[in-house]
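Here is the structure we will look at.
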Amino acid sequence: MPTKPAGTLYRGREGMWSWVGHRITGVVIFFFLLVHVLDTSLVRVSPEAYTAVIGAYKNPLMALGETGLVAAIVFHAFNGLRIIAVDFWKKGAKYQRQMLWVVLALWLVTFAAFAIRHLSLALGGH
Amino acid sequence: MSTDIQNPRSGQNSSGKIGSGKIAPQYRRGTGSKGNFEMFAWLFMRLSGVVLVVLIFGHLFVNLLVGEGIHAIDFGFVAGKWADPFWQFWDLAMLWLAMLHGTNGVRTIINDYAEKDATRFWLKVVLYAASFVIIVLGTLVIFTFNPCPVVNGVQLPGGFCPAP
């Protein structure tokens, strides 16, 4: 009796979904980066222009956006290190699935620490 | 009415053997005229990726988690950092590596999903133009920036500025 294909390194399951997540977070970070260079460039226009735009960012909605952005960055960073291990470590391909769970655990810890600190600063008033 | 079931169009040659047939022209690989560019692009993604993890985690930690965090960010904060060549080169390396890493990533995505030659070409033209503008702008801002401007005849206060 034929059995269902068990998935390979890149088709289905952890390998494919981490690849999907890596692409989506990568694109999100790239478009943020374009905007981030443009807003920082306002320091060259005038101190008032920069401080005004940064001041407009300091609201609860943007704080949530920043937290989401950091979630994307931390996943992309740790999963990127996993991809390097898959490519360069002899046993990388064999343990890619286990490494993804390590990535997700590290992501959760790092992201939780960032979110608690950043949101309590940003939402806690000043 | 009879139905004609055709042979598969690939995978078999006239002698019926799988895998020994000729390769149809549209599936032939290029002649390698691009040299090793794709290999270097692949290697660059991994090398720049490792460096970017350090640069960006450091950037986020220093700017958002230390002291008052985001409340401290204003003109004086940026000026104070860029008065120091260490942070100028940190941010310069981050700008160049992140932009090249991101541009190559989006280039890969365009190659994967845009099927028409013309669409692929124009999307990449837009991508490269945007990346070029951002890299040049960011580099100029980091190095032509004056951290101690005089506003309305008054020197902005900053411990890193020379006394007026």
Is it the case that B:ILE109 is at pLDDT 90 or above, facing another protein chain (nearest Cβ under 8 Å) and part of a helix (DSSP H, G or I)? yes
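Determine, yes or no, whether A:LEU69 is farther than 26 Å from B:ALA83 by Cβ, at pLDDT 95 or above and surrounded by fewer than 19 Cβ atoms within 10 Å (Cβ to Cβ).
Here the answer is yes, as A:LEU69 does meet what is asked.
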Region B:118-140: number of residues that are out of contact with any Lys or Arg (no Cβ under 8 Å at 6 or more places or on another chain), loosely packed, with under 13 Cβ neighbours inside 10 Å and not aromatic (Phe, Trp, Tyr): 6
With the requirement that a residue be within 11 Å of chain A (Cβ to nearest Cβ) and either out of contact with any Phe, Trp or Tyr (no Cβ under 8 Å at 6 or more places or on another chain) or among the aromatic types (Phe, Trp, Tyr) (or both), what does region B:34-50 give you? B:TRP42, B:LEU43, B:MET45, B:LEU47, B:SER48, B:GLY49, B:VAL50
Evaluate the following for B:PHE44: is it farther than 21 Å from A:ILE24 by Cα, among the hydrophobic types (A, V, I, L, M, F, W, C) and in a helix (DSSP H, G or I)? no
Tell me yes or no: at least one residue of region A:119-126 is under 26 Å from B:LEU97 (Cα atoms) and not in a loop (DSSP other than H, G, I, E, B). no
Could you list, in sequence order, the residues of region B:80-107 that are in contact (Cβ under 8 Å) with a residue 12 or more places away in the chain and either of a type in the set (Val, Ile, Thr) or out of contact with any helix residue (DSSP H, G or I) (no Cβ under 7 Å at 6 or more places or on another chain) (or both)? B:GLY80, B:ALA83, B:ASP84, B:THR103, B:VAL106
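The values are calculated or read from the model by the stated rules, or taken from the named source; none is laboratory data. Every value quoted in this text rests on a predicted model; they were computed, and no experiment measured them. We place every Cβ from the backbone using ideal geometry, glycine too, and count neighbours over all the protein chains shown.
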